[in-house]
Structures are given as structure tokens and as C-alpha cells.
Amino acid sequence: MRNLARMTAVANVVVVVIGLVALVLLPRSTGEERSPVRAQPRSPSPTPSVAPPKATAASARKVKANEAGLVPVIMYHRILPKRLASIDRTPAQLRKELERLAKDGYVPITAAELVAGKIDIPPGAHPVVLTFDDGHPGHFALDQSGRPKKDTAVGIIYEVAAKYPSFRPAATFWVTRAPFGLRDRERQKQAVKWLVDHGFEVANHTYSHPDLRRLSDKRVSEQIVRQERLLKKAGAPPSTTFALPYGSQPRKLSRAHDGTWDGTRYHFDAVFLAGAQPTVSPYAKSFPRYAIPRIQSNGKSGDCRRWCTTYWLDWLDKHPRERYTSDGDPARVSVPRKLRATLSPARAKSVIAY
Ligand SMILES: [Zn+2]
């Protein structure tokens, strides 16, 4: 894993550059979608009224639980019927990838849940974080009956959840000043309310998507506060997570998660990059809270030879002991004995080492 860690910086820079180029080259899409989804949306995993099962060393060993393992945080940009750039995905590509995740035993959680260590998934399951950047209309739109439109990201997530009941509909949307392409305040409110009510996360991705490295400290904070104010007016709860535009870090790193502008303070619990590997568990000592890597959804050619989802999901399938596998008990952290020392001391009381 040392090589992986060393690779992060390089890979993230590559992704930053690709992102910058893509943004310059691409026209805005019209974001028109048609026809409603078939599956009736259901609520995210119902909170069980009974207490969750208590894991034991025996039960953890049985499912080979490893809650110090790697978690893929997948990064999506536009979902378009016809891709205009390599980082775009079609509805069919998204559907196929989500079905693969469901078949591989992954259960979606939000970025906020990951960071808070609230990973409440069945024993033997693996968490995955689905993240959608820039608030594109292809991510979420409601049809006339108030349901997510077919072939939007949310429509597809519900379709896959209907087909694979273990696949919990959950995702994170990091948006800018026109969430889901909407400029009208009332429609923004309607969209945000629907998503938040259904267990999705809508959070800050700056107001106008600048490269933060090129801005003064003050301008960095302005970008974040303006967006936080917009999100508040749209009815979103205060953001606890933040995704850097292009994965580009401000010169003063802490400005990405703590600062003040125009009398408004902000604080985020975590900051996400734009590349290029799975993250270590939030329970690990080495969890990079303010520089959490993500994996671009893509095939295996060119720059994606080893930094995108096809490569990494194959890799995780081939290295099951490196992957985060749940013990099914959100109150305890279960790991093989030899990984005990990699856990954060803050978790010491709730650890099961088998
Ligand atoms: Zn972005």
C-alpha cells in the first residue's frame, strides 16, 4: 500500500489536468431527459426498529470482516446519452457499473456517512460511495408525477435497487450555483428536499467551480461561503463534506475545510480529491480526512489504464483481504488480528480483533 499512497499525489494531479481540459473543451448540455422511471422510489434502507446484531469474533471471522480495509469512492460527472468527453458516462454505462457493484456485494453509503464512520451495512457486505460532481441535470430531475426521471443518475440508482434489493439507494451530490441545472429557487428547493428526504447527500462544490489553487485565501473562502448560503436557501443541511473542483487544493490547505468570509464561518469534516485510488477506512489511523481519494468511473484505456473504476473494481475483487468487509454491526469495528494496530486509537473500545 506504500506505493499506492505515493501514487496519490501524482494521480490526483493528472486528474486535475484532465478535468481542466475537459471543462474547457465541453459545451454545456441541454440536460433534457424523457419518460419516468418504472420503479417507484423507495426510502433508503429503513432504520431497523430492532437493535442491529452484535458482532462477535466468531461472526466476524465467518464473514472475513475487515473494517480497516479499502473503500471505493466513485466519482461521476455528467450522465449523457452521448458522451462528449472521456469523463462522461452514458446511462447504460452507469447502470452496468451499479449492477456490477450490486452483484459484487457492495452497498452504497453517502460520503458524510463514510466520514462519520456510520457504515451500517449487512455482514459480509462492502461499502461504496457514489459521488456525482457539478450538479448536472443528468444526475437528478423529477418528472411530472414527482418521480425521478428515467436515465438520470437517481432514476438508475432506484432501478438497480429494485432489481437488487441489497443495493441501498444512496449517493452524494456535490453541487455548484445551479444545482442539477436549476436556477429557479423554488425548483432548487424541491430537488434538494426530495433528495435529502430520500437519504441522499447534497453538499458544497464551490459557487462557480474555480481552480482553488489559483485563488487568494479570501477568494477560496468566498467561493465556499457563497455556495453554503445558496445551499441553505435551497433547504440543504450544512455541508459536512466538500469536494475540490478538479481535485485542486488551495495553497493554504486548511482553507478547504475551515474559514470565514463576510462574517460567515464554515467547517467541513472532510475534503475529497478527484483521483485516483480507493480510500483507507475511516477507522484507520491513516484515514486522509482532508484529502480523501476518489476513483473516476471509466474503462481501462489511456489515463484510466490503472486509475479508474474498471481497474480498481477488478483489483478489489482480486484482493478481497484488502477490501473493507463489514461485520454487520455498526457499533463495532472488526478486523483480522494483524490489522489491529492500523486502527485509530479513538476506536480502541469497540474493536473486535479475531
Ligand atoms: Zn467539479
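If the limit is 25 Å between Cα atoms, which of Lys96/Lys149; Lys118/Lys233; Lys318/Lys349; Lys193/Lys218; Lys163/Lys300 go over it? Those over the limit are Lys118/Lys233; Lys318/Lys349; Lys193/Lys218; Lys163/Lys300. Among the trypsin sites (Lys or Arg not before Pro) found in the stretch 283-347, those both in a DSSP coil and sparsely packed, with 15 or fewer other Cβ atoms within 10 Å of their Cβ, are Lys285, Arg289, Lys300, Arg306. Rolling a 1.4 Å probe over the protein heavy atoms of the stretch 47-170, with every protein chain left in place, gives an accessible area that is 57 percent carbon and sulfur. The alpha-carbon atoms of the stretch 196-273 define a convex hull whose volume equals 82 cubic angstrom per residue. Per the Debye formula on identical point scatterers at the alpha carbon atoms of the stretch 150-253, with no solvent, log10 I(q)/I(0) at q = 0.13 Å⁻¹ is -0.52. A 1.4 Å probe run over the protein chains yields, for the chain, 46 Å² of accessible area per residue, whole-number rounding. Relative to its residue count, the chain spans a Cα convex hull of 136 Å³ per residue.
Mean sequence separation of contacting Cα pairs (under 8 Å, at least six apart), scaled by the length of the chain, corresponds to a relative contact order of 24 percent. The aspartates and glutamates within cross-link reach of Lys150, meaning a Cα-to-Cα straight distance under 12 Å and a gap of 8 or more places when in the same chain, are Glu32, Glu33, Glu159. Couplings for the stretch 232-243, taken from phi via the Karplus curve 6.51 cos²θ - 1.76 cosθ + 1.60 with θ = phi - 60°, read 5, 5, 7, x, 7, x, x, 5, 9, 10, 9, 10 Hz in order; Gly and Pro are left as x.
Taking the square roots of 5 times each eigenvalue of the Cα gyration tensor of the stretch 291-330, largest first, gives ellipsoid semi-axes of 24, 13, 7 Å.
What number, rounded to the nearest 500 deg cm²/dmol, is the helix-based mean residue ellipticity at 222 nm of the chain, given -39500 (n - 2.57) per DSSP H run of at least four residues and division by all its residues? Dividing the helical sum by the residues of the chain leaves -9000 deg cm²/dmol.
Which one, Ser221, Ser344, Ser239, has the greatest fluctuation when you compute a Gaussian network model over the chain with C-alpha springs under 10 angstrom? Most flexible of the set in this elastic network: Ser344.
By the Stokes-Einstein formula, at 1.002 mPa s and 20 °C, the stretch 91-153 with its Kirkwood radius over alpha-carbon pairs has D equal to 160 µm²/s.
With viscosity 0.890 mPa s and temperature 25 °C, the Kirkwood radius over alpha carbon pairs of the stretch 123-203 converts through Stokes-Einstein to a diffusion coefficient of 188 µm²/s.
Under a Gaussian network description of the chain, with springs only between Cα atoms under 10 Å, the residue in Val115, Val63, Val107 that fluctuates furthest is Val63. Within the stretch 96-206, antiparallel bridges make up roughly 10 percent of the DSSP beta bridges whose residues both belong there. Note on the chain: antiparallel DSSP beta bridges, both residues inside, total approximately 25 percent of the bridges counted. Per-residue 3J(HN,Hα) values for the stretch 275-283, derived from phi via the Karplus relation 6.51 cos²θ - 1.76 cosθ + 1.60 with θ = phi - 60°, read x, 7, 6, x, 8, 6, 4, x, 8 Hz in sequence order (x marks Gly and Pro).
The values are calculated or read from the model by the stated rules, or taken from the named source; none is laboratory data. From a predicted model like this one, the values you see are computed outputs, not experimental measurements. Because the Cβ atoms are built from the backbone with ideal geometry, glycine has one as well, and the counts that use them run over all protein chains shown. Just the protein is used for accessible areas: all its heavy atoms, side chains included, with ligands, DNA and RNA removed. Shrake-Rupley method; radii C 1.70, N 1.55, O 1.52, S 1.80 Å.
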